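Beneath this line is the structure, given in structure tokens, with notes to follow.
Read-outs throughout are calculated quantities, based only on the coordinates presented, and are distinct from any laboratory measurement. Because the structure is predicted, anything quoted here is derived from the model rather than measured. Cβ placement follows ideal geometry from the backbone for every residue including glycine, while neighbour counts extend to all protein chains displayed.
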Amino acid sequence: MLRKRFSREVSELMKDFSSSIEADKEMLLDDIWGSQAHVIMLSKQGIIECKDAKNILKALETLREYCIQGRFELDPALEDVHMNLERFVVKEVGENVGGRMHTARSRNDQVVTDTRMKLRVHILGIEESLFDLEKTLIRIAEKSTEKIMPGYTHTQQAQPITLAYWATAYVSMLSRDAKRLKNSYISVNKSPLGACALAGTSFQTDRRFTAKLLGFDDTVEHALDAVSSRDFIVETLAALSILMSNLSRLSGELILYSTIEYGIVEPGEGYTTGSSIMPQKKNPDAAELVRGLTGHVYGALIQSLTILKSLPLGYNRDLQEDRVLLWNCLKRVNTALQVLAGMLSSSKFKEDRMLELAGRGFSTATELANYLTEEGMPFRKAHELTSRVVGELHRKGRDFRDFEHTMGVLEKHRIKVDGRVLKDILDPGRAVERSRSLGCTSPNEVKRLIKAFRRGMTESESDLRKRKNKLKKAREHTDKLIRELLG
């Protein structure tokens, strides 16, 4: 097809090399919906006769049913899904009628319309899975506001926190990912249909009408920009990359905390594997695979940016590559979210072990320095004296658990603290309770944060349902118009 200008047929090697069918086959239903909206618009505007529109729409409905039933096979010789669709319609209703379907449209605006339609559905699915992971972390937090664990900086024990505080830190991070995904959706959900090849058309089309039929929020008005730009894909991949960086950090901590050396968490057996040689192994493979997937998503982002670098305006065949990794990334990120939610839901956090680790070493050293500051000593001097106490205890192989020795070292450095007060200061649980600042680790503040996160998620989920419902109603409205045209 489309070779009348040429004296020779394209080579078989070139056909195979240039075919986009494999990357775009999942957009076929979107291509049909877009074509239905386009034909309805052409009829409404009097660009094609009503009887021709009816016949084309009948053929498209037949094709849609075949696709849903899995009865339609794409012909690779036809280069792409658009030509497969057009060939089917022409076979059903004849060239004289079917050939009118593509009036005032190009494959350039057609493919980017399909991409936006498919991408927005994927984003909605990822948002849903992200909310499920957030809710899983919140459920863990709600049960753990009193469960003490060590907090780390530089992978070194720093200050005592709670398991709820740890879990809600990831909820806080993921809530920003949800906002980025929603912003990506807003960028994606704009219609390029009707931009044609690059310069619009001399036909009096109604682009806003087709945008509404397809559930878009708006149009990409500038025709040349509409067919040239793929920044909405880059924006989505950037949001996914940041999301994966956060999932990778969560996975990395779960992997670390599941080691015998830490022993903080025992991953659910449904998300772990054994070894072919070592009988004792229980490997956190789910978290490792999520961590590994991160590089794949980063690579897709860099590939998309590289494709667009120095690309002239107008459609260029380079843009065909933008979807090769896009669909794969979207599906795998969605699965990663579901896997992590499942792994966390089935994992056991070991309260006794966490408390034991928090009590080791010098995690309450900052509390001692704070106490000395409250007693009138400048913080920098309090910090220096506490550092000397810690250093001396460490050199002797002791830590704050050796209370008598700690008292002795303090007295040596002329630091007078009542024994009962010191025990309170050095206790990890009491240290957590004493936190008073906004966003701190105290149980009361974490409970407040949990309520705030839940409120935010309720609003976000409501907005998600509205966006999904808008797409559903747009499909129903298109179907209604088709029924009315078909009588």
Mean-position separation - Cα centroids, segment 71-115 and segment 157-176, in angstrom: 52 Å
Listed values (1) 24.1; (2) 26.7; (3) 22.5, entry calculated as Kirkwood radius over Cα pairs in Å: (2)
Simple Cβ-charge dipole of segment 200-349, Lys/Arg +1 and Asp/Glu -1, about Cα centre, in debye nearest 20: 240 debye
Karplus-derived HN-Hα couplings along segment 424-438 (A = 6.51, B = -1.76, C = 1.60, θ = phi - 60°), whole Hz, x at Gly and Pro: 5, 5, 7, 7, x, x, 5, 4, 5, 5, 6, 4, 10, 7, 4
Residue-wise HN-Hα coupling along segment 220-226, computed from phi with Karplus coefficients 6.51, -1.76, 1.60 (Hz; x: Gly, Pro): 8, 5, 6, 4, 5, 5, 4
Cα-Cα over 24 Å, subset of Lys91/Lys470; Lys135/Lys190; Lys135/Lys447; Lys118/Lys470: Lys91/Lys470; Lys135/Lys190
GluC sites (Glu not before Pro) restricted to DSSP loop in segment 343-438 with at most 16 other C-beta within 10 Å: Glu375
Rounded to whole Hz, the Karplus (6.51, -1.76, 1.60) HN-Hα couplings of segment 130-140, x for glycine and proline: 5, 5, 5, 5, 4, 5, 4, 5, 5, 4, 4
Long-range HN-HN contacts of Val220 with modeled amide H, under 5 Å: Ser191
Dipole moment magnitude, nearest 20 debye, segment 365-426 about Cα centre, only Lys, Arg, Asp, Glu C-beta charged: 260 debye
Distant-in-sequence amide H partners of Ser363 (H built 1.01 Å from N, under 5 Å): none
Thr273 long-range amide H proximity, modeled H, under 5 Å: Asn283, Asp285
For peptides 73-80, 357-364, sequence by mean Cβ density within 10 Å, most packed first: 357-364, 73-80
For segment 77-206, with +1 on Lys and Arg beta carbons and -1 on Asp and Glu, the positive-most of Tyr185, Val121, Met101 along the dipole: Tyr185
Farthest toward positive dipole pole in the chain [+1 Lys/Arg, -1 Asp/Glu at C-beta], among Leu486, Ser172, Ser229: Ser172
Euclidean distance between Cα centres, segment 430-471 to segment 293-327, Å: 36 Å
Mean residue ellipticity (222 nm) of the chain, computed from DSSP H runs ≥ 4 via -39,500 (n - 2.57), nearest 500: -21500 deg cm²/dmol
